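Inspection log for the structure reproduced underneath, given as C-alpha cells.
Read-outs: derived from the displayed coordinates by stated rules, not from any lab. No experiment lies behind these values; they were computed from the predicted model shown. Quick reminder, even Gly has a Cβ in these numbers, built from the backbone with ideal geometry, and neighbours come from all protein chains shown.
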Amino acid sequence: MTAPDRSRHAIVAPLIALACCVALLHACAYAEDPESPADIVIADLLDRPVQLRALPAGEPVLLFVCDPALTKCREGAVHFDSQVERIEKRGIRPVCVLLASPQDAREAALRMELHVPVFVDSARAIPKTLIRQEVLPAMVLLDGKGNVAKIMLGGGESLDGNLTAMLETRNGHHWLVLSILITLAASGIILFMVERHQ
C-alpha cells in the first residue's frame, strides 16, 4: 500500500466509524421498543366489541386514554380533540378512549362535544395492561401493525408537550436517514479534498 493509500484509509476509516456511530445514536434515540397490546378488547359507543390491535388498520393511531370522571381528563380530552388537524397532518389517526361504562362514555362524549372517534374501555384494560399505571390522562401511540410505539403519561400543563413529543416520534426515522446522508456526504467531501491535495 502506497503512502497516499495509507493516508486515505487513515481518514476514511474514522469517517465510516463516525457515520456508524451517528446512525446508532439516532437509532437508539428514536427507536421505540414496540410492545404488543395483548388481546385487549374495547368497545365503540354502541357497545360493540373492537379489538385494540385492529384499530390501526395499517396507519398509526394515537389513543388519548382518560377517565371522564376526572376534571383534568375531561379538559385534556377537549384539548386533544382540538388538535385533530395537527395530529392527522403527521399521518396519525387520533382516537379517544374513555374509561367508563358505555352509557357514561356516551354522555361524556356528548357533553365534551368530541369529534374524534370515541371508544370505551370499561374494564380499564389499557391502563392495567399497556400503561401499567393509573396516571391519567395518557397517550398511547400504536404503529400501523397495532404494536405500542410510545406511551406518555400526564395531562394539565404537560399535555401539549407530551402531544408534541408523541408527534415527533413519528418523524424520528426521517432524522436518522437525514443524519446518515449528511455524515456520508461530509465524508465524501473530505475524501475528495484529501485526494485533490495529494
- Pull up the cross-link candidates among the lysines for LYS89, meaning alpha carbon to alpha carbon under 29 Å and not fewer than 8 places away within one chain. LYS72, LYS145, LYS150
- Rounded to the nearest 5, the percent of DSSP beta bridges in the range 41-154 running antiparallel is 60
- Item | Cβ-based exposure ranking for HIS79, HIS115, in which fewest neighbours within 10 Å come first | HIS115, HIS79
- Item | Dimensions (Å) - the range 41-154, Cα atoms, principal axes, largest first | 30, 27, 26
